[in-house]
Amino acid sequence: MLLLEDDTPTRLMIRHALESEGWHVLEASDGVVGRTVWLSAKPALVILDLILPDGDGLALLHQMRQTMTTPVVVVTAKMLHHDELSTLTNIGATVVQKGRYRRSDLIAAVRALAK
């Protein structure tokens, strides 16, 4: 599993939650490293932040969807407009809004996609 999140406390919290459930987690804190890990490791699932220090997570997801169908859980603080949410849904991403979810919500989303 790849966790692509630039905020260190959030990344650590999510990583610990996933590892406590038995998942092996690779980490990246920006889009360049995340793209490289995504392509080389071919993770079974990606947890993706949309706001990255070196670019837009949605643009990265569009780019990756050209060659890969990896299940994606988007975890973002960005207030999504209806069209952005529709776009994410149409390309097969599950969206979890930061500040509005509990640990169990994230784990449930990951479990649903990791089947």
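Derivation of every value follows stated rules applied to the coordinates shown; laboratory data play no part. Remember, predicted model here, so these are calculated numbers, not experimental data. Every residue, glycine among them, receives a Cβ derived from its backbone with ideal geometry; neighbour counts consider all protein chains shown.
A compact table of results
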{"read-out": "Average projection area in nm² (convex hull over Cα atoms of the chain, one quarter of hull surface)", "value": "6.4 nm²"}
{"read-out": "³J(HN,Hα), Karplus 6.51/-1.76/1.60, whole Hz, each residue of the range 81-94, x for Gly, Pro", "value": "7, 4, 5, 5, 5, 4, 4, 4, 5, 5, 9, x, 9, 9"}
{"read-out": "Förster radius 25 Å - calculated FRET efficiency between A114 and T8 (Cβ-Cβ, nearest 0.05)", "value": "0.55"}
{"read-out": "Fewest-first sequence of K115, K42, K98 by Cβ atoms within 10 Å of each Cβ", "value": "K115, K42, K98"}
{"read-out": "Max mean-square fluctuation residue, GNM over the chain, Cα-Cα springs under 10 Å, options A77, A28, A93", "value": "A77"}
{"read-out": "Linear extension gain, D56 paired with A77, 0.36 nm per residue minus alpha-carbon span", "value": "6.3 nm"}
{"read-out": "Likely footprinting exposure, L45, L61, fewest C-beta neighbours within 10 Å first", "value": "L45, L61"}
{"read-out": "Unit charges on C-beta of K, R, D, E only; dipole of the chain, Debye", "value": "400 debye"}
{"read-out": "When the convex hull of its Cα atoms is projected in every direction, mean area for the range 1-53 (nm²)", "value": "3.2 nm²"}
{"read-out": "Beta bridges by DSSP in the chain, antiparallel share as percent, to the nearest 5", "value": "10 percent"}
